[in-house]
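Engineer: Take a look at this one; I'll ask things after.
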Amino acid sequence: MTAPQPKPGILDISAYVPGESRTIGNVKPIKLSSNETPLGPSPTAVAAFRAAADSLERYPDGSASALRSAIGARYGLNPDRIVCGAGSDELLNLVTSAYLGAGDEGIYTEHGFLVYPIAIRANGGTPVVAAERDFTCDVDAILDCVTDKTRIVFLANPNNPTGTYIPIKDVRRLRADLPQNVVLVLDGAYAEYVRRNDYEAGLELVATTANTVMTRTFSKIHGLAALRLGWAYCPEDIADVLNRIRGPFNVSAPAIAAGVAAISDQAHMEAAIMHNDRWLAWLTEEVSALGFKVTPSVANFLLIHFDGIAGLTAIAADDTLKGKGIILRRVAGYGLPNALRMTVGTEAENRAVVEALKEIVTRAAKDELHPQEALRK
Ligand SMILES: Cc1ncc(COP(=O)(O)O)c(C=O)c1O
């Protein structure tokens with residue numbers, strides 16, 4: 001008898017590797033590897049989470065209606081068209097499994113979020129990669145990838161790990177030129193951070209088309225990554241489909257309670273946006289001044305390129321940073337072998353990274369790196 005075999009495609013998946021959280025030795029880490037917020041969650045969300053501990057024997061409200069109403073009120077949306085999930089990851093997987101099957105194709109961009117090809121392969125589909133231009137989505141390149149097998153297109157806007165975005169007019173053109181039977185998924189995990197007049201996460205497109213879905217998360221600006229909470233705004237028919245296939249209690253009661261509080265705490269969100277604006281600009285300037293190329297970011301992280309820095313590679317620098325307790329994110333899996341992604345941290349964390357990079361660049365220039373680091377050059 002042969003052993004059980006997974007469905008075709010599954011063994012082609014490289015499991016997602018989360019940002020690291022430990023350093024060598026006993027140093028308390030400065031963890032800037034997963035785009036978490038340095039401000040933490042709203043205190044009202046923490047209080048709501050604690051209060052939920054009093055009723056852990058009860059199942060949650062399977063329709064998460066309080067949370068959908070709170071999100072609807074916050075953004076002026078019909079709660080019936082909102083579906084909540086255990087992180088936006090779950091929603092990305094649900095949309096894929098509902099609309100893409102064996103032999104179908106799903107498109108994502110060159111340096112796009114790695115959950116997309118995992119979801120496509122898990123459903124027997126073929127991931128198709130659209131080239132980017134200057135680390136930015138190229139709408140025409142996506143359209144060139146479309147075939148009669150295409151069922152889904154994923155666009156993280158802004159994208160992770162590049163931090164770049166495309167204006168809403170380009171997203172509209174993408175939607176207009178994609179076939180009607182193709183679901184366009186606009187992943188707005190970092191939407192709240194964007195401060196550009198020509199940006200919009202996709203609310204209007206979802207409201208006015210039958211084939212566009214927008215996903216959002218509570219993991220980033222709301223600081224609730226540990227709870228696993230996300231939401232999708234969908235056309236009516238797609239919401240109906242997702243509700244048929246999701247787990248009946250896919251979002252926990254503490255997550256619902258904390259999410260309601262978080263989405264209602266506008267002041268906390270604004271504080272996070274202001275902090276990010278200030279330190280994203282500061283970091284971009286300081287890191288660039290050290291000689292690194294930094295991709296212009298509108299999110300809460302920045303992509304630092306090591307090409308052109310004599311005697312140094314991203315891996316060597318990452319090893320040295322880890323020795324100092326600083327954890328950034330390697331992004332070789334995203335086709336960026338000589339870059340590191342850094343999340344905007346607290347003021348002290350940001351200053352510590354810049355100081356550490358300064359020292360690394362100086363030592364590399366003098367060829368003074370630790371022999372082990374030098375070997376990896
Ligand atoms: C672009 C993008 N989409 C989705 C997610 C998943 O977020 P969640 O924690 O809601 O599953 C992330 C998390 O890193 C992300 O960067």
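Engineer: As an exercise: evaluate Glu110 against (1) touching a residue at least 24 places away in the same chain (Cβ under 8 Å); (2) open to solvent by 40 Å² or more (accessible area, probe 1.4 Å); (3) more than 16 Å from the ligand (Cβ to nearest atom) and give the number of the one condition it does not meet.
Structural biologist: (3)
Engineer: If we keep just the residues of the range 210-219 that are closer than 22 Å to Ser34 by Cβ and either in contact with a Pro (Cβ under 9 Å, 6 or more places away or on another chain) or in a loop (DSSP other than H, G, I, E, B) (or both), which is farthest from the ligand (Cβ to nearest atom)?
Structural biologist: Among them, the one singled out is Phe218.
Engineer: Taking the criterion of being touching an Asp or Glu at 6+ places or on another chain (Cβ under 6 Å) and either of a type in the set (Asp, Glu) or within 16 Å of the ligand (Cβ to nearest atom) (or both), would at least one residue in the range 264-284 satisfy it?
Structural biologist: Checked the range 264-284: no residue is touching an Asp or Glu at 6+ places or on another chain (Cβ under 6 Å) and either of a type in the set (Asp, Glu) or within 16 Å of the ligand (Cβ to nearest atom) (or both).
Engineer: While we're looking at this one, here's another question. Going through the range 85-107 one residue at a time, which ones are open to solvent by 10 Å² or more (accessible area, probe 1.4 Å) and either among the charged types (D, E, K, R) or under 23 Å from Val260 (Cβ atoms) (or both)?
Structural biologist: Once the filter is applied, which keeps residues that are open to solvent by 10 Å² or more (accessible area, probe 1.4 Å) and either among the charged types (D, E, K, R) or under 23 Å from Val260 (Cβ atoms) (or both), the range 85-107 yields Ala86, Ser88, Asp89, Glu90, Leu94, Asp104, Glu105.
Engineer: Considering every residue within the range 27-40, establish whether at least one is free of Cβ contacts under 8 Å to residues at least 40 places away in the same chain and not acidic (Asp, Glu).
Structural biologist: Scanning the range 27-40, I find no residue that is free of Cβ contacts under 8 Å to residues at least 40 places away in the same chain and not acidic (Asp, Glu), so the answer is no.
Engineer: Any idea how many residues of the range 60-82 are more than 19 Å from Ile245 (Cα to Cα) and part of a helix (DSSP H, G or I)?
Structural biologist: Looking only at that region, the number is 9.
Engineer: Output the residues belonging to the range 96-105 that are within 15 Å of the ligand (Cβ to nearest atom) and outside any helix (DSSP H, G or I).
Structural biologist: none
Engineer: Return the residues of the range 296-313 that are out of contact with any helix residue (DSSP H, G or I) (no Cβ under 8 Å at 6 or more places or on another chain) and surrounded by 22 or more Cβ atoms within 10 Å (Cβ to Cβ); say none if nothing qualifies.
Structural biologist: Selection gives Phe301, Leu303.
Engineer: As an exercise: evaluate Glu132 against (1) buried (at least 20 other Cβ atoms within 10 Å of the Cβ); (2) farther than 21 Å from Pro8 by Cβ and give the number of the one condition it does not meet.
Structural biologist: (1)
Engineer: Suppose the filter is in contact with a helix residue (DSSP H, G or I) (Cβ under 7 Å, 6 or more places away or on another chain) and assigned to a loop (DSSP other than H, G, I, E, B); does Tyr16 pass it?
Structural biologist: When the stated conditions are applied, Tyr16 passes them.
Engineer: With the condition being among the charged types (D, E, K, R) and in contact with a helix residue (DSSP H, G or I) (Cβ under 7 Å, 6 or more places away or on another chain), I'd like the helices (runs of 4 or more DSSP H) fully within the range 118-209 carrying at least 3 qualifying residues. Quick ask: steps written out before the conclusion?
Structural biologist: On the way: elements: 139-145, 168-177, 203-208.
The qualifying helices (runs of 4 or more DSSP H) are 168-177.
Engineer: Would it be correct to say that Ile263 is within 20 Å of the chain's Cα centre (by Cα) and more than 14 Å from Ala339 (Cβ to Cβ)?
Structural biologist: yes
Engineer: Another one. Could you tell me whether the range 44-56 includes any residue that is basic (Lys, Arg) and open to solvent by less than 50 Å² (accessible area, probe 1.4 Å)? Can you show your working first?
Structural biologist: So in the range 44-56, the residues basic (Lys, Arg) come out as 50.
Filter once more, keeping what is open to solvent by less than 50 Å² (accessible area, probe 1.4 Å): none.
No, the range 44-56 contains no residue that is basic (Lys, Arg) and open to solvent by less than 50 Å² (accessible area, probe 1.4 Å).
Engineer: Exactly one condition in (1) within 16 Å of the ligand (Cβ to nearest atom); (2) open to solvent by 10 Å² or more (accessible area, probe 1.4 Å); (3) touching a residue at least 40 places away in the same chain (Cβ under 8 Å) is false for Arg195; which is it?
Structural biologist: Here Arg195 meets the rest and fails (1).
Engineer: So which residues in the range 81-95 are of a type in the set (Lys, Arg) and within 12 Å of the ligand (Cβ to nearest atom)?
Structural biologist: Within the range 81-95, none qualify.
The values are calculated or read from the model by the stated rules, or taken from the named source; none is laboratory data. Predicted model, so just to flag it, every value in this text is computed and none were measured. Glycine gets a Cβ as well: all are built from the backbone with ideal geometry, and neighbour counts include every protein chain shown. Ligands, DNA and RNA are excluded from the accessible area calculation, which covers all protein heavy atoms including side chains. Shrake-Rupley method; radii C 1.70, N 1.55, O 1.52, S 1.80 Å.
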